[in-house]
1. Give, as residue ranges, the strands (runs of 3 or more DSSP E) completely inside the range 198-277 that count at least 3 residues that are at pLDDT 95 or above, within 11 Å of ligand 1 (Cβ to nearest atom) and surrounded by 19 or more Cβ atoms within 10 Å (Cβ to Cβ).
2. Does LEU58 satisfy the criteria of being in contact with a Cys (Cβ under 7 Å, 6 or more places away or on another chain) and away from ligand 1 (no atom under 13 Å from the Cβ)?
3. Can you find a residue that is within 16 Å of ASP246 (Cα to Cα) and surrounded by fewer than 22 Cβ atoms within 10 Å (Cβ to Cβ) anywhere in the range 132-146?
4. Search the range 76-99 for residues that are assigned to a loop (DSSP other than H, G, I, E, B) and pair each with any residue that is surrounded by fewer than 17 Cβ atoms within 10 Å (Cβ to Cβ) and among the polar types (S, T, N, Q) when their beta-carbon atoms are under 9 Å apart and the residues are at least 6 apart or on different chains.
5. Kindly evaluate ARG191 against the criterion of being touching a residue at least 60 places away in the same chain (Cβ under 8 Å), more than 17 Å from LEU152 (Cβ to Cβ) and within 14 Å of ligand 1 (Cβ to nearest atom).
6. Answer yes if at least one residue in the range 115-122 is among the β-branched types (Val, Ile, Thr), closer than 18 Å to LYS220 by Cα and not in a strand (DSSP E or B), and no otherwise.
7. How many residues are surrounded by 15 or more Cβ atoms within 10 Å (Cβ to Cβ) and at pLDDT 95 or above if we restrict to the range 52-76?
Amino acid sequence: MFDTATPITPAIGIEVSGVSGAQLASAEAAQWCRSALDRHGVVLFRECHIDDGDLVTLSRLLGEVVVPPMGGGEDHPEVSAISLDPAETVLASYNTGTFHWHIDGATDAIPQLGTLLTAIEVSTEGGDTEFANTYAAYEALPDEDKAQFADLQVVHSFATAQLLAYPDPTDKQRASWERVPTRVHPLVWTRSSGRKSLLIGATAGEIVGMPPEEGRALIKRLLDWSTQPRFALRHHWHRGDLVLWDNTGMLHRAIPYTATSRRLMHRTTLVGEEAVA
Ligand code: OGA
Ligand code: MN
């Protein structure tokens, strides 16, 4: 339905320009987005300037929308602000965690289906977002790796992810991280459709049954493999850009920006539809 839709690379991303936020708040647009997400993993609407109401409408047409327990907006509790500025969000101090490759909700039984992020204000330095397609990365693995990885299980924890951002935590920080339960997921996430992605990223600590060092080394090798330029894209934000990603296979991270940067994103997430299996 969008004439200007252009794939960004063969492995990841499709870009659409000349569309308004209001046009996106329709069943046809949502249907187009769902199939574009399946095929391309990341969908970018350049400078569509979607407002919070239309963002929620589009999100609801895409699936069930998460209402975050903390950090939602007053008028639209589904919309959270992503910023390093404590004046913008109570969760500001956790957002440096986004500087490391991750999948949203990887410590949940059912990670989120997708995320929608729109730029209200951009950073003059840093603040791009990178994405890497672990469906494509899995597909390109040699067969002997696929066979070796088929039954591996990975321990995911919020503390593992936060330790990357705060390598020297206080007892209070550690205690707050440890309130989030640890979760064991298969390394290879197989969908009912048969598609497979790698479930790795900042929350991935160890591999069950492997010496910790060996598990960490394998996770690092797979992260390096998955984030190679041929599976990845880097988005440089303009005000009003909207990016949607299929969170079941798109690793992502923010390029570091500072707490005094004006960068402010509005975000919704979609409830996951398939448990990791
Ligand atoms: C997120 C996220 C990255 C960014 O909102 O889940 O990881 O660039 N954001 O802000
Ligand atoms: Mn994220």
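1. Details: elements: 204-207, 232-235, 242-246, 250-254, 264-270.
Ranges flagged: 250-254, 264-270.
2. Values: in contact with a Cys (Cβ under 7 Å, 6 or more places away or on another chain): no; away from ligand 1 (no atom under 13 Å from the Cβ): yes.
Spelling it out, it is not the case that LEU58 is in contact with a Cys (Cβ under 7 Å, 6 or more places away or on another chain) and away from ligand 1 (no atom under 13 Å from the Cβ).
3. Residues of the range 132-146 within 16 Å of ASP246 (Cα to Cα): 132-138.
From what is left, the residues that are surrounded by fewer than 22 Cβ atoms within 10 Å (Cβ to Cβ) are 136.
Yes.
4. LEU84/SER93; LEU84/THR258; LEU84/THR260; ASP85/THR260; PRO86/SER93
5. Values: touching a residue at least 60 places away in the same chain (Cβ under 8 Å): yes; more than 17 Å from LEU152 (Cβ to Cβ): yes; within 14 Å of ligand 1 (Cβ to nearest atom): no.
Spelling it out, it is not the case that ARG191 is touching a residue at least 60 places away in the same chain (Cβ under 8 Å), more than 17 Å from LEU152 (Cβ to Cβ) and within 14 Å of ligand 1 (Cβ to nearest atom).
6. Applying the first criterion (among the β-branched types (Val, Ile, Thr)) to the range 115-122 yields 115, 118, 120, 122.
Next, only the ones that are closer than 18 Å to LYS220 by Cα stay: none.
No, the range 115-122 contains no residue that is among the β-branched types (Val, Ile, Thr), closer than 18 Å to LYS220 by Cα and not in a strand (DSSP E or B).
7. 14
For (1) among the aliphatic types (A, V, I, L, M); (2) away from ligand 1 (no atom under 16 Å from the Cβ); (3) within 18 Å of the chain's Cα centre (by Cα), each residue gets a yes or a no:
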site	(1), (2), (3)
GLU15	no, yes, yes
GLN31	no, yes, no
ARG46	no, yes, no
ASP54	no, yes, no
VAL66	yes, no, yes
ASP75	no, yes, no
ALA81	yes, no, yes
ASN95	no, no, yes
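The values are calculated or read from the model by the stated rules, or taken from the named source; none is laboratory data. Everything quoted here is computed from the prediction, not taken from an experiment. With ideal geometry, Cβ positions are generated from the backbone for all residues, glycine too; neighbour counts draw on all protein chains shown.
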